[in-house]
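The values are calculated or read from the model by the stated rules, or taken from the named source; none is laboratory data. A quick note: this is a predicted structure, and the numbers were derived from the prediction, not measured. Backbone-built Cβ (ideal geometry, glycine too); neighbour counts: all protein chains shown. All accessible areas refer to the heavy atoms of the entire protein, side chains included, with ligands and DNA or RNA removed. Shrake-Rupley method; radii C 1.70, N 1.55, O 1.52, S 1.80 Å.
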Amino acid sequence: MLFRQLFDAESSTYTYLLADTATREAVLIDPVLEQVERDVRLVHELGLKLKVVLETHVHADHVTGAGLLRERTGAQVFASARGAPCVDRQLSQGDVVRVGALEIQVLETPGHTDDSLSFLCDGRLFSGDALLVRGTGRTDFQNGDPGQLYDSITREVFTLPEATEVYPAHDYAGFTMTSVGEEKHHNPRLAGKSREDFVAFMKARKSPPPRKLDMAVPANRACGLSSEPSSPQHA
């Protein structure tokens with residue numbers, strides 16, 4: 001599998017490129033609108049065909065490049081059935097997305113938002129904003145729920161093999177990735193903490209809203225485009 005980790009400095013967002021080296025078919029996870037030119041250029045330079053764009057959730061801190069990439073490349077956009085109505089395929093727990101020989105397993109990991117998904121492929125977990133490096137996503141908007149987030153992490157993520165590599169949607173402290181084992185043992189919000197501890201900690205946090213919240217959420221429900229969303233195709 002070909003794998004690249006890309007970064008948007010303004011929003012501290014990671015975009016991930018995965019491709020099957022035999023068929024050259026590729027998937028992008030969580031693209032950023034301002035980085036579409038970079039992403040399209042890289043896909044072309046590597047001789048790839050972008051087939052699928054995966055969204056971990058409806059983002060609040062940046063506008064997605066999913067819709068523009070669909071227009072530019074013909075790729076289909078996949079995301080949670082609870083999320084944006086503009087997608088081509090709605091995903092649920094246990095679904096498998098196939099791109100060439102790649103098999104990407106869908107895990108529902110709500111709590112940061114009610115539509116949050118994580119994607120597991122070849123020993124790598126793309127955790128969106130659910131589990132971050134030594135942190136977690138916040139739970140104070142978009143139907144977030146700290147108890148639900150604790151359950152998602154402990155039941156869906158921490159039950160994976162400890163060697164599973166974890167690639168989050170964001171990092172604000174200079175990390176690029178972690179592992180299930182590292183976070184189980186060293187994440188200060190989770191290691192040795194009960195569900196009640198986690199809920200109390202998250203409810204006590206006071207953070208300003210994401211700078212682009214009011215603009216990004218409606219834009220991302222339209223896949224980052226201003227046009228009306230098309231009707232979804234169910235999986």
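Here are the numbers for this structure:
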| read-out | value |
| --- | --- |
| Test item: Cα-centred dipole of segment 96-235, Lys/Arg +1 and Asp/Glu -1 on Cβ, debye | 420 debye |
| Sequence of SER207, SER226 from largest to smallest accessible area, 1.4 Å probe | SER226, SER207 |
| Rounded to 5, the percent of DSSP beta bridges in the chain classed as antiparallel | 65 percent |
| Helix-only [θ]222 nm of the chain, DSSP H runs n ≥ 4, -39500 (n - 2.57) each, per residue, nearest 500 | -6000 deg cm²/dmol |
| Degrees separating the helix 195-204 axis from the principal Cα axis of the chain, which is the longest one | 80 degrees |
| For peptides 138-149, 122-133, sequence by mean Cβ density within 10 Å, most packed first | 122-133, 138-149 |
| Percentage of interatomic Cα-Cα distances in segment 44-184 larger than 20 Å | 46 percent |
| Angle between the chain longest axis and helix 36-45 axis [Cα atoms, degrees, rounded to 10] | 60 degrees |
| Per-selection Kirkwood Rh - segment 170-214 (Cα, Å, 1 d.p.) | 12.8 Å |
| Extent along principal axes [Cα atoms of segment 2-88; Å; largest to smallest] | 34, 28, 20 |
| Listed residue (MET202, PHE158, PRO168) projecting farthest to the positive dipole end of the chain, Cβ model | MET202 |
| Whole-percent carbon and sulfur share, accessible surface of the chain, 1.4 Å | 49 percent |
| Tally of Lys pairs whose C-alpha atoms are under 23 Å apart, taken over the chain, 8 or more apart or cross-chain | 5 |
| Surface/4 of the Cα convex hull for the chain, nm² | 11.6 nm² |
| Under 13 Å, Cβ to Cβ, from LEU91 - net charge with Lys/Arg +1 and Asp/Glu -1 | -2 |
| Probe 1.4 Å, protein heavy atoms only - accessible area per residue of segment 1-53 in square angstrom | 41 Å² |
| Whole-number Å³ per residue for the convex hull built on Cα positions in segment 123-230 | 130 Å³ |
| TYR172 accessible area, assembled protein chains, probe 1.4 Å, Å² | 150 Å² |
| Charge tally in the Cβ shell below 12 Å around VAL180, where Lys, Arg are +1 and Asp, Glu are -1, VAL180 excluded | -3 |
| Net charge dipole size for the chain [Lys, Arg +1 and Asp, Glu -1 on Cβ; Debye, nearest 20] | 140 debye |
